[in-house]
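Single-structure report; data block below.
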Amino acid sequence: MLKNEKILIFIDWFLPGYKAGGPIQSVNNIVFHLHDAFDISIVTSNKDLGEALPYADLEFNRWQFRANYKVIYLDENHQNRNFYRNLLKEEAYQYVYFNSLFSIQFTLLPLWVMRNSSLKCVLAPRGMVGKGALAIKPFKKKLFISLFKLKGLQKRLIWHATSHLEQQEIEQQFGPDLDIRIASNLSSKMTPFSFKEKQANRLNVFFLSRIALKKNLLKALEYLSYTDVSHHIKFSIIGPIDEQDYWDTCEAFIEKMPKHVEVNYLGAIPNDQLHAVLKDQHILLLPTMHENFGHVIMESWQNGCPVLISDQTPWLDLEEKYLGYAISLSKSDMFVKQLNYFSEMDADHFHKWSKSAYDFAAAFTQKPQLVIDTKKLFK
């Protein structure tokens, strides 16, 4: 494969932003693993998720050169058809990669601009066509999908599915005979395994995601409120407030939490600082309504933390591998039961689960096939 093949990536938020979580890491890891084979350029906004002010100390609307890629941060006035049209004329790109489905400015608009071009377009839905995801603001999303299909855009795309489950979800929404290629998300390098301190009847639990209805923080708080009062549980909430009304409801619930559950909101934490926080955590609690991959799940395992998650992710049958539990959202009592179970563990018992989680993540993320599959998106 020739180095001079060029990929242009459109993504709503990118580094130094971090509040959008997994999608930023997905693209950053693509750059890390593929920059030797491709010239990669990134088009993104000049603000982080939910921020009113743009990034400080960055130049906007002009290409910035980094070690392995170049990036352009666009203000709102430059997120338009004319600018995108001129951008596409600057260089002979072979591929365009869209990191979202429901983005008007960074998917639909540039895709419309290049509707008559010969460029190969790759689109990653990022879990947005799953049943749980579509149940949130369904009218708006169904209208978007209908317009997408009306223009026949789905037929000229290469679809990036991260699992067979997501492949099925894409086919359910956009029909058969699509060019769907499966490439699991790439991961960053892992730090060495470290033994976690753990006392019986004490548990450090964390939630790591955007604070939004889809991620189900309120349900996580509910599960914790029903745990055994003889246990001492510290619950750390990590992530940006994406939906303020939802967070207000969560805060009201937190004020009524039983005394044996200590809740702390740590805010959004940059990815490169997560390890320092997760080294003292025991398990992830994420009763999400849907994930196509779940970067935070893999990051938990990479940091030796088993998970308590819903069964609305590709990660199932976890118990037999000592990775955690994937539980139906209809079985609240099972979430509470497993929270109590992990709390009751002593250090030796928990170490078995922690080491299994770390070893699984190490084996999964170091598969050469993952990079090979990702490169096959661009051919």
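The values are calculated or read from the model by the stated rules, or taken from the named source; none is laboratory data. From a predicted model like this one, the values you see are computed outputs, not experimental measurements. Glycine also receives a Cβ, built like all others from the backbone with ideal geometry; neighbour counts cover every protein chain displayed. The area values use the complete protein model at the heavy-atom level, side chains included, leaving out ligands, DNA and RNA. Shrake-Rupley method; radii C 1.70, N 1.55, O 1.52, S 1.80 Å.
Near residue 42, the amide H atoms lying under 5 Å from its own belong to 9, 70, 71, 72; only residues 5 or more places off or on other chains count, and H is placed 1.01 Å from N.
Summing Lys and Arg as +1 and Asp and Glu as -1 over all other residues whose Cβ lies under 13 Å from the Cβ of residue 131 gives a net charge of -1.
Placing dummy labels 7 Å off each Cα toward the beta-carbon, the span from residue 80 to residue 147 is 1.8 nm. Here the Kirkwood formula, the inverse mean of 1/r across different C-alpha pairs, assigns segment 1-135 a hydrodynamic radius of 15.3 Å. Of the cross-linked pairs 196/279; 6/189; 196/355, those separated by over 18 Å at the C-alpha level are 6/189.
3J(HN,Hα) couplings calculated from phi for segment 156-161 with the Karplus curve 6.51 cos²θ - 1.76 cosθ + 1.60 (θ = phi - 60°) are, in sequence order, 9, 9, 9, 8, 9, 9 Hz; Gly and Pro show x. Here residue 289 sits with roughly 50 square angstrom of accessible surface, probe radius 1.4 Å.
Per residue, the convex hull spanned by the Cα atoms of segment 305-379 amounts to 90 cubic angstrom.
A straight Cα-to-Cα reach below 22 Å connects residue 259 with the lysines 198, 219, 234, 337, residues fewer than 8 places away in its own chain not being considered. The simple Förster model, with R0 at 22 Å and r as the Cβ-Cβ distance, assigns residue 70 and residue 376 a FRET efficiency of 0.35.
Over the chain, the alpha carbon radius of gyration divided by the compact-protein estimate 2.2 N^0.38 Å works out to 1.01. Separation of segment 322-365 from segment 93-110 is 37 Å, based on Cα centroids. Between the helical axis of 332-344 and the longest alpha-carbon principal axis of the chain there is an angle of about 70 degrees.
Loop-located chymotrypsin sites (Phe, Trp or Tyr not before Pro) in segment 274-361 (DSSP state not H, G, I, E or B) with no more than 10 neighbouring Cβ atoms inside 10 Å do not occur.
A Förster radius of 30 Å, combined with the Cβ-Cβ distance separating residue 62 from residue 4, puts the computed FRET efficiency at roughly 0.85.
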